[in-house]
Each structure stands twice: as structure tokens, then as C-alpha cells.
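Novice: Pasting a structure below so you can have a look.
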């Protein structure tokens, strides 16, 4: 029997600017935590992401920045990669949908779909702006959503109700370039993906995954219930993967056709760096030993549960379909949406400049919008950091190491034998580790964070019960502190997927070699693994508190004013 390999992808972030915390917690961050955890457990993992660089978002953002679109995309890709790395996102490869590899694969899938009768040429009426001298596909046109009445719906999708749209459906449309309402309909030829032919097969495939989150299956079934419509996969744009077929020389493939293919394209980019040592096809083609998990916000679910699978199935080739879709609801900011134009909410670059990445990683996942929307406030964020990271995990480590150094010097103390308190601690630690592993295997991140907090709490409770600072017997005090130091090692290992930077530092303070960082076994052995006499370093607090009781209120008010947005910026 072949060992299962894990392929992990997170929804591709649009190229048009640094992403906000809702984007982070709904895709890239949980994907990273899951990948880190699986690597720790000894699994072979390939974690892939990329910037989504084609379509109207890139063209509009580049024009606003006064840059050539290719230059803009290269700049923004570098910025997003660097910000992600500062957050500790441990992709195996962070690619670009504008890569030659993705262009090659996009054309391959289009040709296969054409050969299998899944594509059809159709003449349609699209919105044309005489003032701008061009067609206005997708985000080049803004208007009122015909389904929910949202006044700033885009021509491709309403961000309020998430319904896919066509520019011709918008009420009172206007150009996103010039603002002109002098628009007319003109005929243009496009390629349509005949999704309607696959409706029954897609429904059967979705129904076969009864382990998927209800959030995901309910969205997919809602889309199927209104009928699976054929979708145009070409656009009258210059920036994108050129179709290049006779009669379509002036068109490119629609961004939502080529973007999911970039998961495969990015894997080929990764493989092409070391073609003798990496085989991209083994992860995607006839990859029966691969478990493929996707992470995304709920607005991306239709594209990944329906549109992309239609492309894969319609190709008639044995490409890997996803095994599990982990979808997330929205993270709101004080009950409202994040807004780049209104400067409302916290974006990744500001966040990592303001406070350590570990603070954000843990606090976001401890309150992750896994089944329902969750709301970000500075009060709740500071409370989580100060209570869990500083008050429980950090406090346990600081108390343990400083007490040991003060009483026994800068080495693990010797003497004493485990007693009833240690036996009870072992039982508690085994239970917390088991629960954490169960939640992580199921990709339930809020409960996993709770299990981590429980693990950290057991350490503090053990210290409080044994009170080594009051223990007159040196051998008993030595046993307690030696056990606590070993527990700090366990916590450094187990917590590393959530707070990797602090755990790396703690591992260094404990002098852990690579073999001492392996996933822990039963606590009875792990709590005595580090032997007496080895040196330890007592550093500064792992997680300094955010403010103090007298200044925290002022800090919260400052953050609210700084990130609350401006109505005049819309």
C-alpha cells in the first residue's frame, strides 16, 4: 500500500494589492497551519499558492497605479510573497498565474474540452463603451445587482450576495474606467464551456463527499438547484492567456478559467526549478496516492466545487480532483466589510508591522469563521493575545525557565522522582494532545486552538499545584521544574503550526536538536526526555502583552481610529 501524500492549495489571492485579514484567515493561513502540522507528523506535503494575475482586476489596478500591467503584476507578486513570508506562510511554491507553465496548461485544457465537445462558439451581446472605445467585460462595468440590489455590483460577480453575473444583467450600468453611462450593446463571439452537460455528474460527485463541511455543500447545492448554466470562458481583453485560435486572435481566456488551472501550473513551476528531483505530474495526473485539500472563502466555493471540476472532468483525462474543500465564512471588521477604497480594516502589511505575526496567526484562528461569520474587534484581539499567548503559554514558559535558573542555574536540574502530580499531568497532556490531533486531522481550527490552550493551561496548573517556589526540598523542586521544562519542549513542538516564530525561539532556548523536535509520543516518556545537566537559555517573554491595564483602552481607541476607514475615501 502506497503512503498518502498531501497536496494543499489555498485560493489564489488577486494581484490587486495586499490582502486583508479576512482573506488571510479564510485561505492561506489555515492552509499553512495544516501543511505545517502534516509535515510534523511525517507526511509528504506539497503546499501550493500563487497570485491570480489576469483579468480586469489587474488591468484596472495597473492603470490606477500608472504602470504597465505586466510590471504591476511583477511588483505586486513580490510584495504579496514577502508579506506572506513575514507571516510565516510556508508554501513549497508561490507561483504566478501569468507564468508560461499556466498558459501552456490552460491551452491544453481548452483544446481537450474542445475536442470532447465541451466548448461551443456563440455570438453574444456585450456592453461596449464608445467613450472608452472598448468592450467592458467583468469589473470594467459597475451597476446594481439584479438579485439583491447592491449598488456597486461588478460585471462578473456581486460581492454582496456572491451571485455570478454578466455585465448585461446589471441595472443602471456605468463604465469603471470613465464612469460613462453612454453604453451600448454590440455583438461579439466567445467560447462557452457547456457546463450544463455535466450537471448530473457534478451533483453526483459532490454528493459522494459527505464529509465536506455543510458550508461548502450547501453553497454547491444552491448553485446546482438554480440550474448549471454554460459560461463564457473568453474575454475581449489584452491581458491574459491568449486563445490564439482562428477567429479568436484578439481574445484571452477568462480569468476564472485559467486561475484554478494555475494550481497545476504552479506545481509545474515548482517542478521546473529542479526537474530531476521533482515530478509535478505525479501530484496531479493519475495521482491516486494523493489527498488533495483546498482552502478558500465561501465566495470561491462555486468555482472550486463546480466550475473547475467541470474543466477537469470535461478534459477526459485523469487529472486530480479535490478530495476535500475547507470553506470559510467572512471575517468582518466591527460588523462591516473590509474595504480597500475606504481604508477600513486591517491588511496584512500593516498587521505584521504593528505586532508579531504569531499574535495574528493564533488570534485569527482561535476565532476563525469556520461555520458562521466572525467579527474582528481590537478589544477581542488584545484579549485573546494577552490571555492565551501572554497569560497562559508565555507565562508558563517564563515562570518555568526563570524559576529553574534562579534556583538551579542555567541547566536542567537533577534529582527527584515523578509522583502523583506527574502521573496526573501525563494523563492530562495525553488527552490534550489527542484532542489537538483529532481536531487538526479534521481541519477544525477553532477547536484545535482550544485544545492548544488546554495543553498550555495544564502546564500552569501543574506549576500552581506543585509550587516549586515554595518547595523546601531541592530534589522535589528539581523534579517539578525538570518536568515543566520537558513540557515546554512538548508545547514548543505541538504549538509550532500555530505560532511558529515563538516556538522556534523556544526550541532554541531549550537547545533542541532536529531529532528532539519530532512529534511527541506518550507523555510518560516525553516529560523526561531532556536529561539533567543540559544547558538552557532564559530569554525575554515569548509574548509581551499588548499594553497594560492603564493603557490598553487608549491603544484600542488609537487602532479603531487608525483602521476605521473614511467615508470620503470611497
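Novice: Got at least one residue in the stretch 306-324 being without any contact (Cβ under 8 Å) to a residue 60 or more places away in the chain, outside the structural domain of residue 20 (by the TED database) and surrounded by fewer than 20 Cβ atoms within 10 Å (Cβ to Cβ)?
Specialist: Scanning the stretch 306-324 turns up no residue that is without any contact (Cβ under 8 Å) to a residue 60 or more places away in the chain, outside the structural domain of residue 20 (by the TED database) and surrounded by fewer than 20 Cβ atoms within 10 Å (Cβ to Cβ).
Novice: Restricting the search to the stretch 411-422, which residues are surrounded by fewer than 12 Cβ atoms within 10 Å (Cβ to Cβ) and at pLDDT 95 or above?
Specialist: Correct list: 420 only.
Novice: Sticking with this structure for a sec: Taking the stretch 3-13 as the search range and keeping residues that are in a loop (DSSP other than H, G, I, E, B) and touching a strand residue (DSSP E or B) at 6+ places or on another chain (Cβ under 9 Å), which one is farthest from residue 77 (Cα to Cα)?
Specialist: Here is the first cut: in the stretch 3-13, the ones in a loop (DSSP other than H, G, I, E, B) are 3-4, 11-13.
Pick out the ones that are also touching a strand residue (DSSP E or B) at 6+ places or on another chain (Cβ under 9 Å) and you get 4, 11-13.
On the way: 4: 32, 11: 15, 12: 11, 13: 10 Å.
So the residue we want is 4.
Novice: Can we say residue 95 is within 20 Å of residue 308 (Cα to Cα), modelled with pLDDT under 95 and in the same structural domain as residue 35 (by the TED database)? Working first, answer last.
Specialist: Working: within 20 Å of residue 308 (Cα to Cα): yes; modelled with pLDDT under 95: no; in the same structural domain as residue 35 (by the TED database): yes.
Spelling it out, it is not the case that residue 95 is within 20 Å of residue 308 (Cα to Cα), modelled with pLDDT under 95 and in the same structural domain as residue 35 (by the TED database).
Novice: Does residue 404 count as touching a helix residue (DSSP H, G or I) at 6+ places or on another chain (Cβ under 7 Å), at pLDDT 95 or above and not in a helix (DSSP H, G or I)?
Specialist: On the way: touching a helix residue (DSSP H, G or I) at 6+ places or on another chain (Cβ under 7 Å): yes; at pLDDT 95 or above: yes; not in a helix (DSSP H, G or I): no.
When the stated conditions are applied, residue 404 does not pass them.
Novice: So which of 270, 223, 256 ends up being over 29 Å from residue 68 (Cβ atoms) and part of a helix (DSSP H, G or I)?
Specialist: Only one candidate passes the filter, namely 223.
Novice: What do you reckon, is residue 135 closer than 27 Å to residue 222 by Cα and touching a residue at least 24 places away in the same chain (Cβ under 8 Å)?
Specialist: In short, no.
Novice: Being surrounded by fewer than 21 Cβ atoms within 10 Å (Cβ to Cβ) and either touching a residue at least 24 places away in the same chain (Cβ under 8 Å) or touching a helix residue (DSSP H, G or I) at 6+ places or on another chain (Cβ under 6 Å) (or both): is that true of residue 101 here?
Specialist: No; evaluated as a whole, the condition is false for this residue.
Novice: For the list (1) modelled with pLDDT of 95 or more; (2) in contact with a strand residue (DSSP E or B) (Cβ under 8 Å, 6 or more places away or on another chain), I need the number of the one condition that residue 316 fails.
Specialist: (2)
Novice: Taking the options 536, 493, name whichever one is touching a strand residue (DSSP E or B) at 6+ places or on another chain (Cβ under 7 Å), within 30 Å of residue 413 (Cβ to Cβ) and surrounded by 13 or more Cβ atoms within 10 Å (Cβ to Cβ).
Specialist: Matching residue, one of 536, 493: 536.
Novice: Here's a follow-up. Can you name the residue in the stretch 282-302 that is over 19 Å from residue 43 (Cα atoms) and either without any contact (Cβ under 8 Å) to a residue 40 or more places away in the chain or assigned to a strand (DSSP E or B) (or both) and, of all such residues, is nearest to the chain's Cα centre (by Cα)?
Specialist: Step by step, filter the stretch 282-302, then rank; the result is 296.
Novice: Quick check on my filter: what residues within the stretch 132-148 are part of a loop (DSSP other than H, G, I, E, B) and over 30 Å from the mean Cα position of the chain (by Cα)?
Specialist: Across the stretch 132-148, the qualifying residues are 132, 133, 136, 146.
Novice: Considering each residue of the stretch 458-493, count those that are over 23 Å from residue 512 (Cβ atoms) and assigned to a helix (DSSP H, G or I), and give that number. Working first, answer last.
Specialist: Applying the first criterion (over 23 Å from residue 512 (Cβ atoms)) to the stretch 458-493 yields 461, 464-467, 469-477.
From the residues that got through so far, the ones that are assigned to a helix (DSSP H, G or I) too are 461, 464-466, 469-470, 474-477.
Looking only at that region, the number is 10.
Novice: Check residue 476 against each of (1) more than 25 Å from residue 358 (Cβ to Cβ); (2) within 34 Å of the chain's Cα centre (by Cα); (3) surrounded by 14 or more Cβ atoms within 10 Å (Cβ to Cβ) and name the one condition it does not meet.
Specialist: Residue 476 satisfies all of (1) more than 25 Å from residue 358 (Cβ to Cβ); (2) within 34 Å of the chain's Cα centre (by Cα); (3) surrounded by 14 or more Cβ atoms within 10 Å (Cβ to Cβ) except (2).
Novice: Another question about this same structure. Sort through 453, 444, 517, 505 and tell me the only one that's surrounded by fewer than 23 Cβ atoms within 10 Å (Cβ to Cβ), under 30 Å from residue 374 (Cβ atoms) and without any contact (Cβ under 8 Å) to a residue 40 or more places away in the chain.
Specialist: Details: 453 fails: without any contact (Cβ under 8 Å) to a residue 40 or more places away in the chain; 444 fails: without any contact (Cβ under 8 Å) to a residue 40 or more places away in the chain; 517 fails: under 30 Å from residue 374 (Cβ atoms).
Every option except 505 fails the conditions.
Novice: Turning to a different aspect of this structure: Can you name the residue in the stretch 118-131 that is more than 36 Å from the chain's Cα centre (by Cα) and in a strand (DSSP E or B) and is also surrounded by the most Cβ atoms within 10 Å (Cβ to Cβ) among such residues?
Specialist: 129
Here's the yes/no breakdown for (1) in contact with a strand residue (DSSP E or B) (Cβ under 9 Å, 6 or more places away or on another chain); (2) under 27 Å from residue 373 (Cα atoms):
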residue	(1), (2)
31	yes, yes
36	yes, yes
46	yes, no
53	yes, no
72	no, no
95	yes, no
99	yes, no
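Novice: With touching a residue at least 60 places away in the same chain (Cβ under 8 Å), in the same structural domain as residue 62 (by the TED database) and within 22 Å of residue 313 (Cβ to Cβ) as the only criterion, which of 261, 214 stands out?
Specialist: Residue meeting the stated conditions: 261.
The values are calculated or read from the model by the stated rules, or taken from the named source; none is laboratory data. Please read these numbers as outputs of a predicted model, since none were measured by experiment. Please note: Cβ atoms are built from the backbone with ideal geometry, for glycine as well, and neighbour counts cover all protein chains shown.
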